[in-house]
């Protein structure tokens, strides 16, 4: 079960969609590394990148929201902070337990459910808001 991008997830804002695609690619690299039994260093390297990229993506997305007075900014920000916390928790679990089948499945489900839900519920709404308010 990989995290696949499809046009149903497109927000209509190219910069946001491109970052989402990159995030999906990186999450898939993490999942593949864990499934293929890559060394702990390879998994940590991917986690490091993912944590940095998520912060960059969320910061840029939130800056767009603030500039455009997006009414659901507070909801977006709260979800972004929750995801960053979740990612840190996954890292802690990984550092203690290492790679196990249960850990890989847990990461897959959490990442897939969170990203698909967040994009479909909030990011698509943001895209619609930005498009409608810039015509």
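Observations
Table: residues versus (1) surrounded by fewer than 13 Cβ atoms within 10 Å (Cβ to Cβ); (2) part of a helix (DSSP H, G or I); (3) free of Cβ contacts under 8 Å to residues at least 40 places away in the same chain.
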| position | (1), (2), (3) |
| --- | --- |
| 38 | no, no, yes |
| 55 | no, yes, yes |
| 66 | yes, yes, yes |
| 79 | no, yes, no |
| 89 | yes, yes, yes |
| 96 | yes, yes, yes |
| 104 | no, yes, no |
| 117 | yes, yes, yes |
| 128 | no, yes, no |
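- Test set (1) within 28 Å of residue 98 (Cβ to Cβ); (2) assigned to a loop (DSSP other than H, G, I, E, B); (3) touching a helix residue (DSSP H, G or I) at 6+ places or on another chain (Cβ under 9 Å) - residue 24 fails condition number: (2)
- Of all residue pairs spaced 6 or more apart or on separate chains, those with beta-carbon atoms under 8 Å, a first member in the range 1-21 that is on the phi < 0 side of the Ramachandran plot and surrounded by 12 or more Cβ atoms within 10 Å (Cβ to Cβ) and a second member that is in a loop (DSSP other than H, G, I, E, B) and at pLDDT below 90 are 20/5; 21/5.
The values are calculated or read from the model by the stated rules, or taken from the named source; none is laboratory data. This is a predicted model, so every value here is computed, not measured. Cβ sites come from the backbone with ideal geometry, for glycine too, and all protein chains shown count toward neighbours.
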